[in-house]
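Have a look at this one.
Bear in mind these aren't lab numbers, they're just calculated from the coordinates by the rules spelled out. Please read all numbers here as calculations on a predicted model, not as lab measurements. Here the Cβ positions follow ideal geometry from the backbone for every residue, glycine too, while neighbour counts run over all protein chains shown.
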Amino acid sequence: MTTTTREPSFLLKGAGLRVTRPRVAVLNAVAAAPHSTADEIAGQVRGSLGAVSTQAVYDVLRVCVGAGLLRRLEPAGASALYETRIGDNHHHLVCRTCGRVTDVNCVVGAAPCLQPSELDGFDVDEAEVVFWGTCRPCRSASPSPEEIQR
């Protein structure tokens, strides 16, 4: 499920949240640019609403993640990213060079895709997998090993 399938005001009401201009603007910004940081989202929101504090954007993001309207992902060593694709078990590809993030559907099987060898009393309901590599544009821009040796 993706929150972009419905209007933000409908989603907010359905989650029992008040419909406010900042909340609608944040949901629209994340839908327009998935895998954005809070600062990038704040810039988009300011572009549509004018003056909005960064703290207000962080508060809206926190509330929307808590209500299940947005998903927060935290690739190691990077700022938290937000997306509207929720309610499924997809994973992410992250480029080590440029930081680009791409969705990838579940690797194999039904959620949670992977079963740990030891559960230690946990009831697993989700697996978050992040694949790291280099995207095609970054590979094309990098010199080959043969070119480096010259």
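Based on the Cβ-Cβ distance of residue 20 and residue 88, what FRET efficiency does E = 1/(1 + (r/R0)^6) give at R0 = 30 Å, to the nearest 0.05?
0.65
With the cut-off at 1.5 for a/c, could you classify the range 1-99 from its C-alpha gyration tensor as rounded, prolate or oblate?
Oblate.
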